[in-house]
Amino acid sequence: MARAAGAGTGAKPRVKRGAPRGNVRRLSLVHRPPNVRHPHFHAESGLSGHDHIADGLHCANRSRMKQAIWRWTRRCFYGIAGLLAFSAVSLGLFLAWERHRLAEFNRTNDRPLLIDSNNPVLADAHAMMAGLIPSDGSDGLRFAVMPSFGKRWFAMSVASRNGRGDGEVIVTTPSGELLRHQKFDIPKPDLELFLRQWDEITDDYSGEGRSLTDGNPLAFERRRGLRITSGEGNSPCHYDVLGDLAAQAFGPYVSELQDLRDPTLPARLKGKFCNPSFFALR
């Protein structure tokens, strides 16, 4: 029996043209059944793998944004804190400098009383004391008091000479009208006590670091051998104390000096006015 053409020769059998090749396999790769999910699809969350990646990137970005916001918040906080600290230090330094500047005008100085025609207190004080007899003693004091609202002004000189105390006073009106010019003797122990108390108050006085407009302006010059101290001002907490001290010591000799007595002075020295805060400039 004759073999078919090509039989036994190893040739592939002919396939009829137009017949489909591997249609089932190709369809299975291209078309998935509707109920087959993507291999990276998560049924629990309803998200695909790509969605999870996007969600992870979003969370990372949000975390970095929170960190950046917190970092800038801290920087702003530190910046504001530094600015406040700098302002506080600057204010403290300014107040310290201003108080020192104001105190320089009324502190006790180791020098004769200045002559300054532009300073009304010094100008009035020198005009008042010009009528006093110059002291030739080595232990003496000259001062002038011009109460702001008083009807009488005073210039006075006391000195220790030859075992006795000499005193001299001039009383005028604020306009310069002479009311009294008197000399008097002072027991030496009384004068020494007065001068010792005066020195305790005035020596090393650093001044009033405030600008005050009231009070009793007073200027003095104290001589102790070769040492000369002086001062001028109107602080009620210092110069009113000196005026009150002079009134107590010499009031029995010059009754007008009672104008300088202040019965409220002890309470004022203990009050807030004479014990101000660091920030008070008035």
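What follows draws every value from the coordinates through simple rules; no lab data is involved. The model shown is predicted, which means the values in this text are computed figures rather than measured ones. Cβ atoms come from the backbone with ideal geometry, glycine included; neighbour counts cover every protein chain shown.
Working out 0.36 nm times the residue gap between ARG164 and ASP110, then minus their Cα-Cα distance, what length gain in nm do you get to one decimal?
Working: separation 54, 0.36 × 54 = 19.44 nm, distance 2.64 nm.
Stretched out fully, the ARG164 to ASP110 stretch lengthens by 16.8 nm.
I need the P(r) histogram for segment 111-191: all alpha carbon pairs, bin width 10 Å from 0 out to the longest distance, whole percents.
18, 46, 30, 6
How would you rank 192-198, 119-125, 236-242, 80-86, highest first, on the average number of other Cβ atoms within 10 Å across their residues? Don't jump to the answer; show the numbers that get you there.
Details: 192-198: 15.6, 119-125: 17.4, 236-242: 22.4, 80-86: 10.0.
Output ranking for 192-198, 119-125, 236-242, 80-86: 236-242, 119-125, 192-198, 80-86.
In nm, what is the difference between 0.36 nm times the number of residues separating HIS58 and ARG268 and their Cα-Cα distance?
Working: separation 210, 0.36 × 210 = 75.60 nm, distance 7.20 nm.
Additional length available on full extension: 68.4 nm.
At 0.36 nm per residue, and after removing the present C-alpha to C-alpha distance, how many nm does the segment from ASN275 to TRP72 gain when stretched out fully?
Result for the pair: 68.6 nm of gain on full extension.
Given 37 °C and 0.692 mPa s, compute D for segment 146-252 with the Stokes-Einstein relation, Rh being the Kirkwood radius over Cα pairs; round to the nearest whole µm²/s. Please list the in-between numbers first.
Working: Rh = 14.9 Å.
The estimated diffusion coefficient comes to 220 µm²/s.
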